[in-house]
Amino acid sequence: MDINPQINTKRADAWKLTMTAMLSAIAFVLMFLEFSVPIMPPFIKMDLSDLPELIGAFAMGPVSGVAICLIKNLLHLLMSTTGGVGELSNFLLGVCFVLPAGLVYQRRKGKKSAIVGAMLGAVLMAAASIVSNYYIVYPFYYNFMAEDAILAAYQAILPGVRDILQCLIVFNAPFTLMKGLFSVVITVLIYKHISPFLKGTNRS
């Protein structure tokens with residue numbers, strides 16, 4: 001006798017919530033495992049907290065990817081030193097990354113569409129980082145570090161940059177793109193192996 005479809009649906013929804021929570025916790029931890037990149041000013045750090053969001057968007061849909069991004073930043077907000085400004089920017093950029101990736105993959109499943117969607121998301125996130133940093137993040141930082149001091153940190157690496165906007169275009173956008181591409185590469189390498197577990201298809 002077949003199991004009631006409603007029971008199956010409830011079990012699938014419960015599993016989806018469990019996996020979303022698990023990936024949110026992993027993303028939250030990864031936010032703290034940040035490291036400096038030699039080609040960037042010391043106050044800019046690299047982390048891979050977007051990775052669980054991308055994996056979740058592929059395994060459980062774009063809404064789950066966005067939910068992971070939201071939960072990660074809400075948890076980080078509890079110990080924030082940026083008054084929520086950094087978390088808001090991180091959330092907006094994360095949505096720009098995982099939402100297009102999840103929507104493209106949801107429309108047409110396959111490795112090629114996953115890569116195309118994730119690449120599209122990475123490019124969109126890089127472009128959005130210019131706007132987010134210029135209008136949200138850096139105006140907040142100016143309360144603690146003078147604009148000239150921030151500009152000088154960039155100029156120490158590349159003397160030719162003239163203002164913060166140019167710095168964001170030359171440094172931050174490519175850095176954000178690279179950050180997204182790291183998550184794309186890792187996801188492509190591991191997704192096939194972990195997707196049965198995330199989707200619950202390996203359960204008896």
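The values are calculated or read from the model by the stated rules, or taken from the named source; none is laboratory data. Because the structure is predicted, anything quoted here is derived from the model rather than measured. Cβ sites come from the backbone with ideal geometry, for glycine too, and all protein chains shown count toward neighbours. The protein model used for the area step is the full one, side chains on, heavy atoms only, and it has no ligands, DNA or RNA in it. Shrake-Rupley method; radii C 1.70, N 1.55, O 1.52, S 1.80 Å.
Results, tabulated for the structure shown:
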quantity	calculated
Within the stretch 135-159, tally of residues that are open to solvent by less than 50 Å² (accessible area, probe 1.4 Å) and part of a loop (DSSP other than H, G, I, E, B)	0
The stretch 82-111, subset among the charged types (D, E, K, R) and assigned to a helix (DSSP H, G or I), residue most open to solvent (accessible area, probe 1.4 Å)	ARG107
Total residues in the stretch 193-204, condition modelled with pLDDT under 90 and open to solvent by 30 Å² or more (accessible area, probe 1.4 Å)	7
One residue from ALA126, ALA114 being touching a residue at least 24 places away in the same chain (Cβ under 8 Å), open to solvent by less than 40 Å² (accessible area, probe 1.4 Å) and more than 18 Å from LYS45 (Cα to Cα)	ALA114
Matching residues in the stretch 160-182 - criterion: being open to solvent by 50 Å² or more (accessible area, probe 1.4 Å) and of a type in the set (Lys, Arg)	ARG162
Members of the stretch 6-48 that are over 17 Å from the mean Cα position of the chain (by Cα), free of Cβ contacts under 8 Å to residues at least 24 places away in the same chain, closer than 28 Å to ASN172 by Cβ and open to solvent by less than 70 Å² (accessible area, probe 1.4 Å)	SER36
Those residues of the stretch 142-156 which are touching a residue at least 60 places away in the same chain (Cβ under 8 Å) and either under 27 Å from GLU87 (Cβ atoms) or touching a Ser or Thr at 6+ places or on another chain (Cβ under 9 Å) (or both), in sequence order	MET145, ILE150, ALA153, TYR154
Unmet criterion (only one of (1) modelled with pLDDT of 95 or more; (2) of a type outside the set (Val, Ile, Thr); (3) under 14 Å from the mean Cα position of the chain (by Cα)) for ALA152	(3)
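One line per residue, one yes/no per condition, for (1) in a helix (DSSP H, G or I); (2) small (Gly, Ala, Ser); (3) over 25 Å from SER24 (Cβ atoms):
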residue	(1), (2), (3)
ALA114	yes, yes, no
MET119	yes, no, no
ASN133	yes, no, no
GLN166	yes, no, yes
ILE190	yes, no, no
SER195	yes, yes, no
